[in-house]
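Structure, as structure tokens:
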Amino acid sequence: MRNLILILGDQLSRDISSLEGFDPKQDHILMCEVWDEATYVKHHKKKIAFLFSAMRHFANELEADGMPISYTKLDDAENAGSFSGEVKRALDQFSPEKLVVTFPGEYRVLEEIKSWSERFNVDFDIREDGRFFVSPDWFGEWASGRKSLRMEYFYRQLRQDHRILMDGDKPEGGKWNYDQENRKPPRDGMNVPAPYRGQTDEITQDCIALVAERFGDHFGDLEPFYFAVTRDQALYALDKFFDERFGQFGDYQDAMIQGEPWMFHSHISFYLNCGLLNPREVVKRAEFAFYDGQAPLNAVEGFIRQILGWREYVRGIYWLKMPDYAEENALDAQRDLPWFFWTGETQMNCLRQCILETKENAYAHHIQRLMVLGNFALLAGLDPKQVNEWYLIVYADAFEWVEMPNVTGMILFADGGELASKPYAASGAYINRMSNYCENCTYKVTQKNGPKACPFNYLYWDFFLRNKDKLKGNPRLNNAYGTLNRMKDEKIDAIRADTHRFLESLDE
Ligand code: FAD
Ligand code: DLZ
Ligand code: SF4
């Protein structure tokens with residue numbers, strides 16, 4: 001045999017680079033469900049069922065197209081339980097000239113792959129993942145010599161290089177970024193369209209039963225299960241987004257409504273990240289919608305910025321900074337993750353809603369992850385390792401390359417400001433403006449101190465007090481530190497006392 005091609009669970013694309021030049025007469029594909037990958041963190045049950053079902057469907061499609069493939073199911077008697085074990089088994093069986101794999105999504109997996117040439121005495125070819133607009137090497141070159149690595153400049157460069165939403169040399173509409181127009185609060189009685197709800201077939205039902213049996217102690221609800229698990233289904237879900245939600249995506253990108261977990265977002269991150277959808281086709285579709293008059297520029301630019309900008313940028317940061325990035329803790333945050341992150345049992349209604357929706361759907365939209373859950377993790381000083389693990393577990397779209405920069409850099413400022421120019425810290429007023437959560441909360445969002453006050457209000461100031469030495473030199477925080485400098489001692493004492501009481505109660 002010529003090539004043994006290993007396809008990982010987040011590489012479910014027909015145009016994956018490892019399949020380039022595939023010859024059914026000489027090559028063979030390996031895919032495997034392995035215990036180590038499902039448990040190195042205890043992934044949400046729905047995430048495991050989704051990935052296994054998508055993997056099985058993909059393998060069936062390859063096989064139906066006459067591509068020779070070995071697929072190991074989790075419960076197969078000979079399953080060795082790890083990528084290394086399964087690769088060794090296949091190497092022994094097929095004795096290929098070479099092992100071929102596309103660059104993986106996690107540093108830990110890359111290290112494991114690199115160890116094989118020596119351990120198993122095999123030549124291997126790790127191919128670039130062409131599904132991204134830029135490679136880690138390209139990003140490294142872009143980053144080298146720059147004083148700051150802001151996403152905005154990276155994004156502008158990609159818009160120009162790939163000629164996306166450009167009018168000659170100028171950005172379409174004259175501005176690069178329409179974020180200011182993407183911050184409308186929710187309206188009363190808003191009509192949010194129903195999200196995509198796929199039917200489960202026999203393959204998915206088998207995966208659900210397997211997960212129920214083998215991963216019963218993992219976080220999250222397994223059913224109802226409604227994710228797309230094939231490319232055709234994912235394309236249908238994408239159509240549904242463009243037809244029903246896209247027009248309002250921009251306006252309400254930051255809005256949150258109790259009982260509406262999906263809002264006007266696209267819900268395609270799981271499909272993009274595991275390979276059922278390709279980011280280039282999604283960006284092209286969005287651009288087409290603008291030129292065809294189907295969606296306004298603030299929606300189109302905002303959506304493209306998330307995929308062409310943020311998604312590519314966080315991947316670049318991850319590969320540039322790993323493995324040190326996993327150890328970052330610039331603000332020396334040490335507090336354990338409160339237990340309610342697993343149960344939703346807290347009096348803080350915003351957190352309760354976001355956690356319970358995460359438990360049900362393995363999904364929360366960006367502003368819930370950033371400004372409710374992330375804001376709390378930042379202000380309460382939660383340990384970055386525990387927060388990273390939580391985010392990696394609970395979301396069906398979570399792979400380390402995208403999860404870690406969002407957590408370490410974006411929400412926790414644990415990289416000291418390499419990704420974000422200032423911490424995304426906010427008091428209760430922000431959550432009250434952008435959601436209706438406060439209407440149903442035990443705490444009073446307008447109250448600043450005392451047992452009934454919204455905890456975000458005093459945690460916010462305590463965060464700046466606590467981290468004064470590290471943050472006061474940041475020009476973007478001049479207003480916050482100016483206000484603190486003018487604050488009366490009694491007010492500061494009250495903030496500290498409330499914070500102390502509240503944080504102590506978390507440990508109980
Ligand atoms: P939409 O709002 O419709 O956006 C469209 C697409 O843009 C997304 O599908 C996604 O591919 C991309 N995108 C948007 N924001 C980001 C971002 N900040 N980074 C990278 N891509 C982005 N996204 C993940 O895919 N996996 C994660 O593990 C993940 N963890 C996150 C953790 C935190 C703390 C935060 C603040 C954000 C995280 N994100 C993650 C980014 C973002 O929240 C999700 O991509 C988004 O909520 C997915 O929902 P959607 O498909 O409806 O996105
Ligand atoms: C997340 C995950 C899970 C739960 N299970 C598997 C699996 O059984 N087989 C597999 O190939 N991949 C799985 N993954 C994804 C990997 O943990 C890892 O994120 C990717 O291999 C990185 O490219
Ligand atoms: Fe959240 Fe505070 Fe509003 Fe309660 S009052 S929902 S804790 S922001």
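The values are calculated or read from the model by the stated rules, or taken from the named source; none is laboratory data. The structure presented is a predicted model; accordingly, all values stated were derived computationally and were not measured. Heads up, the Cβs are rebuilt from the backbone with ideal geometry, glycines too, and the neighbour counts pull from every protein chain shown. Side chains included, ligands, DNA and RNA excluded: accessible areas come from the protein's heavy atoms. Shrake-Rupley method; radii C 1.70, N 1.55, O 1.52, S 1.80 Å.
In table form, for the structure just shown:
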quantity: The stretch 411-442: number of residues that are part of a helix (DSSP H, G or I), polar (S, T, N, Q) and crowded, with 18+ Cβ neighbours inside 10 Å; calculated: 1
quantity: Condition check for residue 380: outside the structural domain of residue 276 (by TED's automatic domain parsing), open to solvent by less than 10 Å² (accessible area, probe 1.4 Å) and within 11 Å of ligand 1 (Cβ to nearest atom); calculated: no
quantity: Any hit, the stretch 288-299, residues being polar (S, T, N, Q), open to solvent by 50 Å² or more (accessible area, probe 1.4 Å) and outside the structural domain of residue 437 (by TED's automatic domain parsing); calculated: yes
quantity: Members of the stretch 36-51 found to be more than 16 Å from ligand 1 (Cβ to nearest atom), closer than 10 Å to residue 215 by Cβ and open to solvent by 10 Å² or more (accessible area, probe 1.4 Å), listed by number; calculated: 39, 45
quantity: When residues of the stretch 360-406 are limited to those that are touching a strand residue (DSSP E or B) at 6+ places or on another chain (Cβ under 7 Å) and either among the charged types (D, E, K, R) or not in a helix (DSSP H, G or I) (or both), the one nearest to ligand 3 (Cβ to nearest atom); calculated: 380
quantity: Filtered residues of the stretch 481-496 (kept if assigned to a helix (DSSP H, G or I) and open to solvent by less than 60 Å² (accessible area, probe 1.4 Å)); calculated: 481, 482, 483, 484, 492, 494, 495
quantity: Members of the stretch 145-167 found to be on the phi > 0 side of the Ramachandran plot and open to solvent by less than 80 Å² (accessible area, probe 1.4 Å), listed by number; calculated: 165
quantity: Unmet requirement for residue 359, which otherwise passes all of (1) open to solvent by less than 30 Å² (accessible area, probe 1.4 Å); (2) under 28 Å from residue 106 (Cβ atoms); (3) in contact (Cβ under 8 Å) with a residue 60 or more places away in the chain; calculated: (1)
quantity: Residues satisfying the stated conditions in the stretch 150-164, i.e. at pLDDT 95 or above and either part of a loop (DSSP other than H, G, I, E, B) or farther than 29 Å from residue 415 by Cα (or both); calculated: 162, 163, 164
quantity: Residue match in the stretch 305-324 (condition: touching a residue at least 24 places away in the same chain (Cβ under 8 Å), farther than 26 Å from residue 190 by Cα and not in a helix (DSSP H, G or I)); calculated: yes
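The rows are residues; the columns are (1) touching a Ser or Thr at 6+ places or on another chain (Cβ under 6 Å); (2) in the same structural domain as residue 317 (by TED's automatic domain parsing); (3) among the basic types (Lys, Arg).
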position: 84; (1), (2), (3): no, no, no
position: 88; (1), (2), (3): no, no, yes
position: 91; (1), (2), (3): no, no, no
position: 96; (1), (2), (3): no, no, no
position: 100; (1), (2), (3): yes, no, no
position: 109; (1), (2), (3): no, no, no
position: 116; (1), (2), (3): no, no, no
position: 123; (1), (2), (3): no, no, no
position: 142; (1), (2), (3): no, yes, no
